[in-house]
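The block underneath contains the structure these notes are about, expressed in structure tokens.
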There are 2 protein chains.
Amino acid sequence: MTPMARPTRGFSEQEYADRTSRAQAHMAQAGWAGLLLTTEAELRYFSGFHTLFWQSPTRPWFLFVPAVGKPVAIIPEIGADLMRRTWLDDIRTWSAPAPEDDGISLMTELLAPMARAGDVIGLPKGHETHLRMPLGDYERLMDGLRGLRIADGTPLMRGLRMVKSEAEIEKIAHICAIGSRSFARVPEIAREGQPLEDLFRAFRREALAQGADDVPYLVGGADAGGYHDVISPPSDRPLARGDILMLDTGATWDGYFCDFDRNFAIGAADDASRRAYDVLWRATEAGIAAARPGATARDLFEAMQAVIREIDDVGGDVGRLGHGLGMQLTEWPSHAAWDRTELTENMVLTLEPSLSYGAGRIMVHEENIVLRASGAELLTERAARDLPII
Amino acid sequence: MTPMARPTRGFSEQEYADRTSRAQAHMAQAGWAGLLLTTEAELRYFSGFHTLFWQSPTRPWFLFVPAVGKPVAIIPEIGADLMRRTWLDDIRTWSAPAPEDDGISLMTELLAPMARAGDVIGLPKGHETHLRMPLGDYERLMDGLRGLRIADGTPLMRGLRMVKSEAEIEKIAHICAIGSRSFARVPEIAREGQPLEDLFRAFRREALAQGADDVPYLVGGADAGGYHDVISPPSDRPLARGDILMLDTGATWDGYFCDFDRNFAIGAADDASRRAYDVLWRATEAGIAAARPGATARDLFEAMQAVIREIDDVGGDVGRLGHGLGMQLTEWPSHAAWDRTELTENMVLTLEPSLSYGAGRIMVHEENIVLRASGAELLTERAARDLPII
């Protein structure tokens, strides 16, 4: 992969206007009066409001996308200055936190006319969503808005966010390239005798040096002849000859994630691990070949699973073999037997085959792709054909 | 602050047993049959289950603390191996994601006897909480459990988590010391002409080098004669002589946060900024002096506000002048006029006075303290008496 010029930060106002128009077209079809949003990714998607302040669980934030016109922000005063730099015009604030009335009066004022009219509004309440406000406040808000009908906004948001714009794809490609360069340096920064947590720290530093804004996700494992789970924080166990090491990272650039992993053997690789690696490498190839517009997420699952079945007919316990990728580490769809989502151009996906082998060992592989008319285009530098030995 | 020996990772089984017993004592008083939890911090608090996998919004996770006995985990199969390493015995899993039944059958099976008995269970639904599962799934679960009564579990969780154990305080002290050492290096890593985003990256790398596991939160600002907001991501604007620079970080060690900031002037400091700094430094002193068991969060607010009033009678727009600190960047209580929480020994708190000055400038200061019988003990190395010039 050749180094790319760094993309521009943020998006044009047109991009936000387009996203809003598309949402409004869906809403017009469904007869909705608006769409109520409460999470970081949802607010950022329509407004461009981008801050790490969401780390604090204290204050709720609201965005209302009306049937016509720009979204309305109803947010804590601490965010007013930053929100005024977005394309929005209607920004209503309160001095938060205020447990007695954290935006409830402002939200009631906005929604009361719709309640009186018996309108329907959308609110994401389906798979992979949650409501980011106190449940008690939501119940109180709804009690004061009798007549308002709530529909599940998940299909709308899912439909919009699964398909990326070129500007979004550029950002994801950029962070994937940063991730690839970081993994390429692992043979230099990992060494026998190094506690795994020190390698994690070194890898994070490397990803930042390569240009990542942040590394919100880094998990992995290392153990003799293979690792046992894929979501652990690092231990202080030193890397030892014969270990299979896996690092899986979600690094970000301008609010977009990469999500992929790499495997390494320390000093020497056992046959079972080399075989598992070979199977997963070929399963990924099968996934790449199957990934084209018109196929389904289930097709990708089947294509990868057919190869995995060579040595593991149970499958891993991760529940799926990849997923969507973007503003969040994992997004819709899921490469799983139950997901018949049709794949379309400009979806960004992970291919993540996994298997169990030996005595409780598991192995995972992962690449990131963007779907083009002609098929899959790799955003990550393809993993080595054979299990690399450090 | 002298370098400390690194604390042990994790907690003893006794610590989890104690937390559970304390929750159960409250539940017995309230007549609850259990406590249902869905968020990262809540699950980790009672089980020790610690993973960055929560970055993925795809799968719900549940912990049920019964009236008697150990907590029960109802979690995606991908977390089973890691959960089995905790002190829990009863771990029930399903192959997730499974949008048609993401834990709902397992939860129904667990709670149905309580529903039949008309029992009350606690669920955090108050200030600074949220429900981390799809709202539609929650509604579906409750529809199938008619008779079950839900009480707000927030006061219970708040009461437990506000007061830290010595082992928790050790971890927070450790990350605060790492933060202090990192800020001490800013004069060496920041320079005129450096884009702010490069400084952010360098600061993150420094914090990792100093021993932080991660830097989930880093915000700040820099502008001529003062900054305008305190939650921005960094721009690529180069630091210029006369800028006031602020960095505010929430770094973590073993799942516990520090949360404090430091101000610097680039090349030279204007009088208004030096005066604002002086007022905030003294407001922090007033907060430290007021922080002792028996005082209230409101008292801390009043003590700091009295000093701030010297130059700003509006107050900042951040809504409070500090908060609790621990597994989350911000926790209860809030140093605000509305919060009459009585402070007790072993609370860990931030003191965070802020003010507006000049034309839309704001300034913030922040220190982290632990409350002892004798009063406040600083966990952070106290900010310089005068605005440091780089």
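Read-outs throughout are calculated quantities, based only on the coordinates presented, and are distinct from any laboratory measurement. The structure displayed is predicted, hence computed values, not measured ones. Cβ atoms come from the backbone with ideal geometry, glycine included; neighbour counts cover every protein chain shown.
Normalising the average separation of contacting C-alpha pairs (under 8 angstrom, six or more residues apart) by the number of residues puts the relative contact order of the range A:163-378 at 20 percent.
Once C-alpha pairs closer than 8 Å and six or more residues apart are averaged by separation and normalised to the residue number of chain A, the relative contact order reads 13 percent. The residues packed around A:Val65, meaning those with a beta-carbon under 11 Å from its beta-carbon, carry a net charge of +2 if Lys and Arg are +1 and Asp and Glu are -1. Counting only C-alpha contacts under 8 Å and six or more residues apart, can you give the relative contact order of the range A:13-161 as a whole percent? Result for the range A:13-161 is 25 percent.
What does the C-alpha gyration tensor say about the overall shape of the range A:13-161? Classify as rounded when a/c is under 1.5, otherwise prolate if a/b is larger than b/c, or oblate.
On the way: a/c = 1.44, a/b = 1.06, b/c = 1.36.
It comes out rounded by the Cα gyration axes.
What translational D, rounded to a whole number of µm²/s, comes out for the protein assembly as shown from Stokes-Einstein when the hydrodynamic radius is the Kirkwood one over Cα pairs, at 37 °C and 0.692 mPa s? Walk me through the intermediate numbers first.
Working: Rh = 27.0 Å.
In µm²/s, the coefficient is 121.
Packing, taken as the mean count of other beta carbons within 10 Å per residue, orders the peptides B:61-72, A:297-308 from highest to lowest as A:297-308, B:61-72.
Summing Lys and Arg as +1 and Asp and Glu as -1 over all other residues whose Cβ lies under 13 Å from the Cβ of A:Leu110 gives a net charge of -1.
May I ask you to order A:257-268, B:218-229 by the average number of other C-beta atoms within 10 Å around their residues, highest value first? The partial results should precede the final answer.
Numbers: A:257-268: 23.2, B:218-229: 21.1.
Ranking, from highest mean packing down: A:257-268, B:218-229.
Relative to the longest principal axis of the Cα atoms of chain A, the long axis of helix A:271-290 makes an angle of roughly 40 degrees. For B:Glu166, the shell of other residues with beta-carbons less than 13 Å away shows a net charge of -3, using +1 for Lys and Arg and -1 for Asp and Glu. In order along the range B:185-198, the phi-based Karplus estimate (6.51 cos²θ - 1.76 cosθ + 1.60, θ = phi - 60°) of 3J(HN,Hα) comes to 8, 4, x, 8, 9, 9, 8, 3, x, 7, x, 4, 5, 5 Hz; Gly and Pro are listed as x. Going by a ≥ b ≥ c, the root eigenvalues of the Cα gyration tensor, does the range A:295-378 fall in the rounded group (a/c under 1.5), the prolate group (a/b larger than b/c) or the oblate group? Judged from the Cα gyration tensor, the range A:295-378 comes out prolate (a/c at least 1.5, a/b above b/c). Taking max minus min of the alpha-carbon positions on each principal axis, chain B gives extents of 69, 41, 40 Å, largest first. Once the Cα atoms are used to define both axes, helix A:104-116 deviates from the longest principal axis of chain A by about 70 degrees. Compute the angle between helix B:166-184 and the longest alpha-carbon principal axis of chain B, please, reported from 0 to 90 degrees and rounded to the nearest 10. The angle comes out at about 30 degrees.
What is the mean number of Cβ atoms from other protein chains located within 10 Å of the Cβ atom of each residue in peptide B:131-140, rounded to a whole number? Show your work: numbers first, answer last.
Values: counts 8, 3, 3, 10, 13, 10, 5, 4, 2, 1.
That works out to 6 on average.
Listed values for the range B:349-363 are Karplus-derived 3J(HN,Hα) couplings in whole Hz (6.51 cos²θ - 1.76 cosθ + 1.60, θ = phi - 60°), namely 9, 9, 10, 9, x, 9, 7, 9, 8, x, 8, x, 7, 10, 9, and x replaces Gly and Pro.
Under 1.5 on a/c is rounded, so check that first for the range B:246-326, then, if it is not, pick prolate when a/b is larger than b/c and oblate when it is not; a ≥ b ≥ c are the square roots of the alpha carbon gyration tensor eigenvalues. Spell out each step's value before the answer.
Numbers: a/c = 2.19, a/b = 1.12, b/c = 1.96.
Note, shape of the range B:246-326 comes out oblate.
Separation of the range A:337-390 from the range B:170-212 is 35 Å, based on Cα centroids.
Using the count of nearby Cβ atoms within 10 Å as a rough guide to exposure, how do A:Glu42, A:Glu128, A:Glu310 rank from fewest to most? Write out the running numbers ahead of the final one.
Values: A:Glu42 22, A:Glu128 25, A:Glu310 13.
Neighbour counts put them in this order, fewest first: A:Glu310, A:Glu42, A:Glu128.
Going from the residue with the fewest nearby Cβ atoms within 10 Å to the one with the most, B:Arg9, B:Arg146 rank B:Arg146, B:Arg9.
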